[in-house]
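Novice: Just passing along the structure, written as structure tokens.
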Amino acid sequence: NKNDVRERKEKNNSHIAEGNFQRNPQKCELAKTTIDYLGHTISVHCIKPLQEHIEKILAILQLTTLNQASAFIGAIEWYRKFIKDYAKLAAPILAVANLTKNNKYKFKWGTPQREAFDQLKTAITSEPLFLTYPDPDAPLILSTDASDYCIGGVLYQEINGERKNIYFYSQMLPKLQRKWPTIEKEALAIYYCVTRMKLYLLAREFVLQADHCPLRDMHKKPSNNGRVDRISLVLQQYNIKEIRHVSGKCNCMADYLTRYPQPLEDDDDFLDSDFGFIPSEKNPVDKNINFCLKIPRLIILYNISFSKT
């Protein structure tokens, strides 16, 4: 309401004056319910792709060269978090777009690539593409799973019997980590998901669902496994209400995400270092953070922009 707007404006003006920041009134927008930011439209209810960018993708008629295929994948990859089965749909194009310089001559745009191209364009127009913000009054649930080659997870809330998806994540495991025992891969899935979604989870109580019964007490007491214990140390900074065992057939979304992942860099060292989990350039979790992960920060930016004069 107007009183809230006035109060926020005065508060933000005070902070801006204290920091000696300069503002351009022509670039300030007041009392907006939506803003466009980094290719996304952000409203008070959800985040979705910027329609202008979607129209540009739809305007692409056909691809004939490696550079065109790479550019298309780069554009639509920005919105992969909104597209169901993205990895599966994009696989034929990725197979020919990820060629090295020495293998450029192997590029071939055939029927599978044309079908994938059409399916991806259909996917961004036929489905409601949005992710919701977390409700501060509803419990958070992080569901994770690991298969032989992949890990995955989904952060969601159940509000009035309706499931609200907040964040999807899936990755392929490097060759070295595929050889790990099941308990270590399941713990690794927890680590990657918690790390990727930490801005949502820090200072919030949440329930962790995992498809591996021996991990139910990993955040409470040590195990006989060094890797699992190092992961449990990372979990100490989070307020985990409980680790709940959910079988794969019931943990369907996280289980599904392990079937259609994106690749991880082949790195086995960061889990075995003397310092445990230290962010580094080799750790893919700390690189290229998904846009949706920054929603809490964007809300702050939104409030500041909302109150400028």
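Novice: Would you check which residues across segment 165-188 are over 14 Å from the mean Cα position of the chain (by Cα) and of a type in the set (Gly, Ala, Ser) and list them?
Specialist: Ala187, the sole residue that qualifies.
Novice: State yes or no: is Gln171 closer than 22 Å to Ile93 by Cα and in contact (Cβ under 8 Å) with a residue 12 or more places away in the chain? Spell out how you get there, then give the answer.
Specialist: On the way: closer than 22 Å to Ile93 by Cα: yes; in contact (Cβ under 8 Å) with a residue 12 or more places away in the chain: yes.
Against the criterion (closer than 22 Å to Ile93 by Cα and in contact (Cβ under 8 Å) with a residue 12 or more places away in the chain), Gln171 qualifies.
Novice: A further question on this structure: From (1) out of contact with any helix residue (DSSP H, G or I) (no Cβ under 7 Å at 6 or more places or on another chain); (2) in a strand (DSSP E or B), pick out the condition that doesn't hold for Thr122.
Specialist: (2)
Novice: Quick one: which of Arg178, Arg227, Arg204 is touching a residue at least 60 places away in the same chain (Cβ under 8 Å) and basic (Lys, Arg)?
Specialist: Working: Arg178 fails: touching a residue at least 60 places away in the same chain (Cβ under 8 Å); Arg227 fails: touching a residue at least 60 places away in the same chain (Cβ under 8 Å).
Answer to the selection: Arg204.
Novice: Right, Leu202: modelled with pLDDT of 90 or more and touching a strand residue (DSSP E or B) at 6+ places or on another chain (Cβ under 8 Å) or not? Even if it seems obvious, please write down each step before you answer.
Specialist: On the way: modelled with pLDDT of 90 or more: yes; touching a strand residue (DSSP E or B) at 6+ places or on another chain (Cβ under 8 Å): no.
So Leu202 fails the test.
Novice: Would you confirm, using the coordinates I've provided, whether Leu129 is under 30 Å from Lys164 (Cβ atoms), surrounded by 13 or more Cβ atoms within 10 Å (Cβ to Cβ) and of a type outside the set (Val, Ile, Thr)? Before you say what the answer is, go through the steps one by one.
Specialist: Details: under 30 Å from Lys164 (Cβ atoms): yes; surrounded by 13 or more Cβ atoms within 10 Å (Cβ to Cβ): yes; of a type outside the set (Val, Ile, Thr): yes.
Considered against the rule, which asks whether it is under 30 Å from Lys164 (Cβ atoms), surrounded by 13 or more Cβ atoms within 10 Å (Cβ to Cβ) and of a type outside the set (Val, Ile, Thr), Leu129 comes out as yes.
Novice: Out of the residues in segment 187-239 that are of a type in the set (Val, Ile, Thr) and touching a helix residue (DSSP H, G or I) at 6+ places or on another chain (Cβ under 9 Å), state the one that is nearest to Thr144 (Cα to Cα). So that I can check it myself, show each step before the final result.
Specialist: At the first step, the residues of segment 187-239 found to be of a type in the set (Val, Ile, Thr) are 190, 194-195, 207, 228, 231, 234.
Filter once more, so that each one left must be touching a helix residue (DSSP H, G or I) at 6+ places or on another chain (Cβ under 9 Å): 190, 194-195, 228, 231, 234.
Working: Ile190: 6, Val194: 9, Thr195: 12, Val228: 15, Ile231: 14, Val234: 16 Å.
The qualifying residue nearest to Thr144 (Cα to Cα) is Ile190.
Novice: Another question, then. Could you grab me the full set of residues in segment 127-136 that are in a loop (DSSP other than H, G, I, E, B) and aliphatic (A, V, I, L, M)? Can you show your working first?
Specialist: In the first step, residues of segment 127-136 are kept if they are in a loop (DSSP other than H, G, I, E, B); the result is 127-130, 133-136.
If the condition is that a residue be in a loop (DSSP other than H, G, I, E, B) and aliphatic (A, V, I, L, M), then Leu129 is the only one that fits.
Novice: Restricting the first residue to segment 11-22 and requiring it to be touching a residue at least 60 places away in the same chain (Cβ under 8 Å), which pairs with a second residue that is in a helix (DSSP H, G or I) meet a Cβ separation below 6 Å and a spacing of at least six or different chains?
Specialist: Taking only residues 6 or more apart or on different chains, the pairs are Asn12/Ile304.
The values are calculated or read from the model by the stated rules, or taken from the named source; none is laboratory data. Worth saying up front: this structure is predicted, and the values here are computed from it rather than measured. FYI the Cβ positions are ideal-geometry reconstructions off the backbone, even for glycines, and counts take in every protein chain you see.
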